[in-house]
Amino acid sequence: MTIDSQLIFISNKLTANQLVVVDEFIPLTEVSKFKRYFINLQKQNKIKTAGIGKANQYVQNIAIRGDSIAWLSSDETRAISTLFFEKFEQLIQHLNRRFYLGINTYEAHLACYPIGSFYQKHLDVFKTNSDRKVTFILYLNENWKKGDGGELRIRASSTQQIEPLAGRLVLFYSDAIEHEVLITHQPRYSLTGWFKSSINTLIDK
Ligand code: OGA
Ligand code: NI
């Protein structure tokens, strides 16, 4: 598939279903760069237990969410994989042109769900802040097989379970799709983030 036809496929599905699953978004050689980067950060103790909520509402609770994360700036995603970064910028441009979403930034983190962890059903938007327009998740698990767990379960018009296969990109509207991560039986890696339409980007940076 050419990049243009892939972008059209993505935006068509996203409008029709509020969700799209794209396999082989980037080649496995690029996917593995994200995993290596994360494992290096783990060795340097730079990974934090993820929390829920924002600012003074922020809490950590592994009974709700058990992953550990490292936030990445867009400069970092560029340094890890130029190919990914460039495709991403094109995707944002395409979505803006087609849907006037006004996306002007994204935030992203690498995440690892250790064995036995999960993330209970939730929506990705905060009650106090709806900058998040589209959620994206790129899975990094090269040898994932049935029984390893950690599927993404979506509850939209129907329920579906998405396997966290390396190179697979999932996009959905952040305020529309309730989702959960099922218990994982292997360490489960992903790059997760949000396309944002933020009037505060200039101040944030
Ligand atoms: C999240 C999330 C899903 C996944 O980080 O908010 O729902 O499949 N992640 O990793
Ligand atoms: Ni989520």
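Checked across the range 50-67, the condition of being under 29 Å from residue 143 (Cα atoms), in contact with a helix residue (DSSP H, G or I) (Cβ under 9 Å, 6 or more places away or on another chain), surrounded by 13 or more Cβ atoms within 10 Å (Cβ to Cβ) and not charged (D, E, K, R) holds for no residue.
Can you tell me which residue among 142, 86 is touching a helix residue (DSSP H, G or I) at 6+ places or on another chain (Cβ under 8 Å), charged (D, E, K, R) and farther than 25 Å from residue 61 by Cβ? Before you say what the answer is, go through the steps one by one.
On the way: 86 fails: touching a helix residue (DSSP H, G or I) at 6+ places or on another chain (Cβ under 8 Å).
142 is the lone residue from the list that is touching a helix residue (DSSP H, G or I) at 6+ places or on another chain (Cβ under 8 Å), charged (D, E, K, R) and farther than 25 Å from residue 61 by Cβ.
Scanning the range 1-14 for residues that are open to solvent by 80 Å² or more (accessible area, probe 1.4 Å) and closer than 18 Å to residue 179 by Cα yields one hit, 13. Selection within the range 156-165: residues that are within 15 Å of ligand 2 (Cβ to nearest atom) and assigned to a loop (DSSP other than H, G, I, E, B). The member of this set that is nearest to residue 20 (Cα to Cα) is 156.
Within the range 148-159, residues that are of a type in the set (S, T, N, Q) have Cβ atoms under 9 Å from residues that are at pLDDT 95 or above and open to solvent by 10 Å² or more (accessible area, probe 1.4 Å) in these pairs: 159/153, counting only partners at least 6 apart in sequence or on another chain. The single residue among 190, 174, 157 that is in contact with a Lys or Arg (Cβ under 9 Å, 6 or more places away or on another chain) and polar (S, T, N, Q) turns out to be 174.
Test residue 49 against the stated conditions and say whether it is more than 16 Å from ligand 1 (Cβ to nearest atom) and among the β-branched types (Val, Ile, Thr). Against the criterion (more than 16 Å from ligand 1 (Cβ to nearest atom) and among the β-branched types (Val, Ile, Thr)), residue 49 does not qualify.
When you scan the range 95-132, how many residues do you find that are open to solvent by less than 60 Å² (accessible area, probe 1.4 Å), within 16 Å of ligand 1 (Cβ to nearest atom) and not in a loop (DSSP other than H, G, I, E, B)?
Step one: of the range 95-132, the residues open to solvent by less than 60 Å² (accessible area, probe 1.4 Å) are 95-96, 99, 101-103, 105-114, 116-119, 122, 124-126, 129, 131-132.
Add one more test, that the residue is within 16 Å of ligand 1 (Cβ to nearest atom), and what stays is 106-114, 116-119, 122, 124-126, 129, 131-132.
If we keep only those that are not in a loop (DSSP other than H, G, I, E, B) as well, we get 106-113, 119, 122, 126, 129, 132.
Of the residues in that region, 13 qualify.
Have a look at 153, 188, 168 and point out the one that is surrounded by 13 or more Cβ atoms within 10 Å (Cβ to Cβ), of a type in the set (Lys, Arg) and within 13 Å of ligand 2 (Cβ to nearest atom).
Details: 188 fails: within 13 Å of ligand 2 (Cβ to nearest atom); 168 fails: within 13 Å of ligand 2 (Cβ to nearest atom).
It is 153.
The values are calculated or read from the model by the stated rules, or taken from the named source; none is laboratory data. The shown structure was predicted, so the numbers you read here are calculated from the model rather than taken from an experiment. In this analysis, Cβ positions are derived from the backbone assuming ideal geometry, glycine residues included, and neighbour counts consider all displayed protein chains. For accessibility, only protein heavy atoms count, side chains too; no ligands or nucleic acids. Shrake-Rupley method; radii C 1.70, N 1.55, O 1.52, S 1.80 Å.
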